[in-house]
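Notes follow the structure.
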Amino acid sequence: MKTTFEEEDIDEIANAVVEKLKQWSFNAQVEEIIFGKKELAKYLKVQPSWVDKNLYKLPHFKIGKYPRFKKTAIDKFLDQEALKTRAPRRLMLLMMTG
C-alpha cells in the first residue's frame, strides 16, 4: 500500500517536527531576541507604520509605553497565519475529492 501526501500536509508535518525539536533544545541556553518597532519592521520587511497599524494583532509586551516583540512569538504567529491562509484551499480540495 502506497500513501501519498499533499504538499500542504507535508508542510504541516515538517512544522510540527520543527516545533518538537525546538522543545528538545538539549539544554542549550539560547538568548531570546527582542525587537523594537523598527527592528520588527525590518525583520518583516514592512514599514514601521504597518507595525503601528497592526499592533493589536501582533504578540507583544510593553516596557513602559514601548511595545517589544519576542522573535520566537513573532515566528510562531507567522507560522499560524501561514496555516490559516492554506486551510481554505485544503478544505476546497477535500470537498472536491470527497
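The values are calculated or read from the model by the stated rules, or taken from the named source; none is laboratory data. Note that this is a predicted model, so its numbers are computed, not measured. Cβ atoms come from the backbone with ideal geometry, glycine included; neighbour counts cover every protein chain shown.
Taking the options Leu40, Leu21, name whichever one is modelled with pLDDT of 95 or more and assigned to a helix (DSSP H, G or I). Can you show your working first?
Working: Leu21 fails: modelled with pLDDT of 95 or more.
Just one listed residue meets the conditions, Leu40.
Would you please name the residue that is surrounded by the fewest Cβ atoms within 10 Å (Cβ to Cβ), looking only at residues in the stretch 49-73 that are among the hydrophobic types (A, V, I, L, M, F, W, C) and within 12 Å of Lys37 (Cα to Cα)?
The extreme case among them is Phe61.
Across the stretch 57-98, what is the total count of residues that are modelled with pLDDT of 95 or more, aromatic (Phe, Trp, Tyr) and out of contact with any Phe, Trp or Tyr (no Cβ under 9 Å at 6 or more places or on another chain)?
Here the count works out to 1.
Can you name every residue in the stretch 35-66 that is in contact (Cβ under 8 Å) with a residue 12 or more places away in the chain and either touching a Gly at 6+ places or on another chain (Cβ under 8 Å) or among the aromatic types (Phe, Trp, Tyr) (or both)?
Hits for the stretch 35-66 are Phe35, Tyr43, Tyr66.
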